[in-house]
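J.: Encoded as structure tokens, here's the structure I'll be asking about.
Nothing in this text is a laboratory measurement; each read-out follows from the coordinates by a stated rule. Since the structure is predicted, the reported quantities are computational estimates derived from the model, not experimental observations. Note that we place each Cβ from the backbone using ideal geometry, even for glycine, and neighbour counts take in every protein chain shown.
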């Protein structure tokens, strides 16, 4: 674990919390390392039956990758293990819940998409904002398995955020609650799952994912030229310099 991520078990429910509210819980190296460590700890923790992933503070679940860090590193294609993607680069057999307390954009949206269930505060927003900063979202390839394809296209093409209520309407979110009730509701939902027969729970999760297509390799091929483009460096640099990006399409 790192100081950027905490792990705590309450009544068989493991709470994995991104502890970087001053940066909207952005995914810098310390957070990414801490998330991997926390997920591995959950996998090996026999006292924990369900994982709840959330962010510290009241404004952000996770705003995505740390663009300042990306700009300094001149990051092109993120390595396969850049951020934990449940079921892709790290297996998580037990159920997971995203408790979304605020902004869940870009890499934050990725984390929500990876979880089995999503409970959102009424103040939460969701966006795949990569098109606004010239970056890539190959991880979003299974999105149309979760929500209607035309809604997925709107989210991907515009980069505009949607509200928690809209997320509920399209099936991205299981439940919307007042922010003050988010933790207690997520705990309650997780405890109900944890009280069920463990082998049945594990089999139910595996069954639900049988129909999801394995499209990540093709998505990585599609997005590789975007990651290697000048625009992919321009977006994070513009964010760092607090100026509008100048796109060249190259």
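J.: So how far, in whole Å, is the C-alpha centre of region 140-187 from the one of region 14-81?
T.: Between the Cα centres of region 140-187 and region 14-81 lies a distance of 19 Å.
J.: Given points 7 Å out from each Cα along the Cα-Cβ axis, report the residue 175 to residue 144 separation in nanometres with one decimal.
T.: Roughly 3.2 nm, to one decimal.
J.: While we're here: Please list, by residue number, everything in region 105-147 whose backbone N is under 16 Å from a paramagnetic label point 7 Å out along Cα→Cβ of residue 218.
T.: Within reach of a label on residue 218: 138-146.
J.: Turning to a different aspect of this structure: What's the ranking of 231-243, 198-210 by average number of surrounding C-beta atoms within 10 Å, highest first?
T.: Packing order, densest peptide first, comes out as 231-243, 198-210.
J.: Out of all DSSP beta bridges with both ends in region 5-180, state the antiparallel percent to the nearest 5.
T.: Taking every DSSP beta bridge with both residues in region 5-180, the antiparallel ones total about 25 percent.
J.: Can you give the log10 of the normalised intensity I(q)/I(0) at q = 0.10, 0.11, 0.16, 0.17 Å⁻¹, computed with Debye over equal Cα scatterers of the chain?
T.: The Cα Debye sum returns log10 ratios of -0.45, -0.55, -1.22, -1.38.
J.: Angle check, please: helix 182-194 long axis (alpha carbons) against the longest principal axis of the chain (alpha carbons), in degrees 0 to 90, nearest 10.
T.: Helix 182-194 sits roughly 60 degrees off the main axis of the chain.
J.: Using helices alone, what [θ] at 222 nm do you get for the chain, with -39,500 (n - 2.57) per DSSP H run of 4 or more residues, divided over all residues and rounded to the nearest 500?
T.: -12000 deg cm²/dmol
J.: Sticking with this structure for a sec: Using only Cα atoms, find the angle between the long axis of helix 198-208 and the longest principal axis of the chain, and express it within 0 to 90 degrees, rounded to the nearest 10.
T.: 40 degrees
J.: Using a basic spin-label model with each label point 7 Å from the Cα along Cα→Cβ, how many nm lie between residue 11 and residue 206?
T.: Here the modelled spin labels are 2.9 nm apart.
J.: On C-alpha positions alone, give me the angle between the axis of helix 29-44 and the longest principal axis of the chain, in degrees, nearest 10.
T.: 30 degrees
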